[in-house]
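In what follows, a structure is listed as structure tokens, so that the remarks can point back to it.
The values are calculated or read from the model by the stated rules, or taken from the named source; none is laboratory data. None of these values were measured; they are calculated from a predicted model. Note that we place each Cβ from the backbone using ideal geometry, even for glycine, and neighbour counts take in every protein chain shown. Accessible surface areas use protein heavy atoms only, side chains included; no ligands, DNA or RNA. Shrake-Rupley method; radii C 1.70, N 1.55, O 1.52, S 1.80 Å.
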Amino acid sequence: MAKAKKRILFVASEAAPFIATGGLADVIGSLPKALAASKRFDVRVVLPLYEDVKAEYRKDFRFLGSINVPLAWRRQYCGYFEYKLDGVTFYFVDNEYYFKRHGCYGHYDDGERFAFFSKAACELMSFVGFYPNVLHCHDWQAALAALYLKTYYCHRSEFSQVKAVFTIHNIEYQGKYSLDILEDVLDISNAHRDLVEYDGAVNLMKGAIECCERVTTVSPTYADEIRYSFFAHGLDPIIRRNAWKLCGILNGIDYDYYNPQTDKALFANYSAEDVSGKATCKKQLQRMLNLPERNGVPIVAVISRLASHKGLDLVKAVLEEFIANNDVQFVLLGTGEYEYEQFFRGLAARHPDKVSANIAFNGDLSRKIYSGADLFLMPSKSEPCGLSQMIASRYGTVAVVRETGGLQDSITPYGAGGNGFTFHNYNAHDMLYVLREAVELFRNKKEWNELVIKAMTSDFSWSKSAESYGQMYIEMTK
């Protein structure tokens, strides 16, 4: 007789391809798909039905029915919709008062919105008759689902065997609120106040860490880093106290979506077996950005949110020196803090034949840069996982990264037989030294081509990560 599949229910605030604002959406769009492909798991995902969910998918959602969700003294309408994609069942929670507005986050009542969503996710289990072996909650927006499960629903027999996992995608965002809204808004009994109270406030991430059987982060190094105050944004005592349930599993990327052989955004397609198309991508990128069409000059690229913690203070300190003293070209794509936008605009104005500054968010151009550049610079001060260095490597653009978080776990130094270039200290001239090393190697075509192939053939697929998650689910539900 066939072995019964383990049942996994993901609770998250966004997922590609329906609605995406960052890396969380990539994970929720890819990890359930990879788990379902293994045939060992019945994987389902519950999401809010935002107004901005893409219409091309929304038009095919199937309405399952509605209930009233209890949230403290309120009884709020909740409609459930269903959509199946890549072997995964997606459920969408509908309430126009909370979700019929532009944008996922940043509203004055986000605490109440995601409390309702978390309660609706728990109520969904009874509504559809799907009681998972593991409830997997992601980031603070879904933290209350774990808290409600372990303080309220667990007293009902059908919920008593449901285990909970909480994944920290970025510990900086913790869901902090005034204790004044504990009961009336968040529907947390004062009897359970100690689970969420921290530093004089409600801290939803802290509550989930305390309640769950397992806590994961998105890379092994980040799991170690957040034990320390420099990285933990105040939660390091809670992390250390719960270290026995903590592990780090490196994210992957969707190899079907990020594929230089089939990507329609590229000027030419190519593969690790035949990289000749990459030269066409480079030439056409230079032409598009009004840079001299020179194949023998390395293009160094940065695709990033323009913020200091992304290492852009290091870039600002030495990039002019690097540009002036080396025969290179530099391409930037991103938006963010005014200081950095103005710096890169000024640099492009002073060096129009060497620098292209694209202050924009442009998915199509990002693919053209990933495929057309030679080096990809990512010098973050902290980086829970990072996907850009993996995407760049997949497209044969060699990553130069600082050794932190997922950057350290995915990119290893060329001198030690690795797939890129790394530096350890958060120091602008350490970064400059490594950049110069990379440019020197670029002149040695034989060794450079070998490094490009090594980068392209590094395994950043979700299959490896999904295997690690799968083993964790099986172990915790024995």
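Please state which of the following conditions K150 fails to meet, knowing it meets all the rest: (1) of a type in the set (K, R); (2) over 27 Å from K6 (Cα atoms); (3) part of a helix (DSSP H, G or I); (4) open to solvent by 20 Å² or more (accessible area, probe 1.4 Å). The single condition K150 does not satisfy is (2).
Can you find, within the stretch 1-42, the residue that is farthest from E96 (Cα to Cα) among those that are part of a loop (DSSP other than H, G, I, E, B) and in contact with a strand residue (DSSP E or B) (Cβ under 6 Å, 6 or more places away or on another chain)? By that ranking, first place goes to K5. Being open to solvent by less than 10 Å² (accessible area, probe 1.4 Å), in a strand (DSSP E or B) and touching a strand residue (DSSP E or B) at 6+ places or on another chain (Cβ under 7 Å) is a property that holds for V45. So which residues in the stretch 236-260 are in a loop (DSSP other than H, G, I, E, B) and in contact with an Asp or Glu (Cβ under 9 Å, 6 or more places away or on another chain), if there are any at all? Selection gives N242, L250, N251, G252, D254, Y257. Filtering K446, K454, K381, K368 for residues that are open to solvent by 10 Å² or more (accessible area, probe 1.4 Å), under 25 Å from A223 (Cα atoms) and either free of Cβ contacts under 8 Å to residues at least 24 places away in the same chain or not polar (S, T, N, Q) (or both) leaves a single hit, K381. Looking for something assigned to a helix (DSSP H, G or I) and surrounded by fewer than 21 Cβ atoms within 10 Å (Cβ to Cβ) - is there at least one such residue anywhere in the stretch 265-276? Yes; the residues of the stretch 265-276 include at least one that is assigned to a helix (DSSP H, G or I) and surrounded by fewer than 21 Cβ atoms within 10 Å (Cβ to Cβ).
Which residues, taken from the stretch 291-319, are surrounded by fewer than 16 Cβ atoms within 10 Å (Cβ to Cβ) and either more than 20 Å from S382 (Cβ to Cβ) or modelled with pLDDT under 95 (or both)? The answer is P292, E293, R294, N295, G296, R305, S308, H309.
Kindly evaluate Q389 against the criterion of being in contact with a helix residue (DSSP H, G or I) (Cβ under 7 Å, 6 or more places away or on another chain) and either surrounded by fewer than 18 Cβ atoms within 10 Å (Cβ to Cβ) or at pLDDT 95 or above (or both).
yes
If we scan the stretch 461-473, do we find a residue that is at pLDDT below 95 and either outside any helix (DSSP H, G or I) or in contact with a His (Cβ under 8 Å, 6 or more places away or on another chain) (or both)? Yes: one or more hits. Of the residues R74, R40, which single one is closer than 27 Å to E183 by Cβ and at pLDDT below 95? Criteria check complete, one pass: R74.
Residues in the stretch 349-365 that are of a type outside the set (D, E), open to solvent by 20 Å² or more (accessible area, probe 1.4 Å) and modelled with pLDDT of 95 or more: how many? The number of residues fulfilling the criteria is 8. With respect to the conditions (1) surrounded by fewer than 17 Cβ atoms within 10 Å (Cβ to Cβ); (2) more than 21 Å from V398 (Cα to Cα), F343 lacks only one, and its number is (1).
So that you can scan it fast, the table gives a plain yes or no per residue for (1) in a helix (DSSP H, G or I); (2) open to solvent by less than 10 Å² (accessible area, probe 1.4 Å):
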{"residue": "A115", "(1), (2)": "yes, yes"}
{"residue": "L124", "(1), (2)": "yes, yes"}
{"residue": "F127", "(1), (2)": "yes, no"}
{"residue": "P132", "(1), (2)": "no, yes"}
{"residue": "L144", "(1), (2)": "yes, yes"}
{"residue": "Q161", "(1), (2)": "no, no"}
{"residue": "V165", "(1), (2)": "no, yes"}
{"residue": "E183", "(1), (2)": "no, no"}
{"residue": "M205", "(1), (2)": "yes, yes"}
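Kindly establish whether G311 is of a type in the set (G, A, S), touching a residue at least 24 places away in the same chain (Cβ under 8 Å) and in contact with a Leu (Cβ under 6 Å, 6 or more places away or on another chain). The answer is no for G311. For the stretch 294-342, filtering for residues that are among the hydroxyl-bearing types (S, T, Y) and either under 19 Å from the mean Cα position of the chain (by Cα) or assigned to a loop (DSSP other than H, G, I, E, B) (or both) leaves 3.
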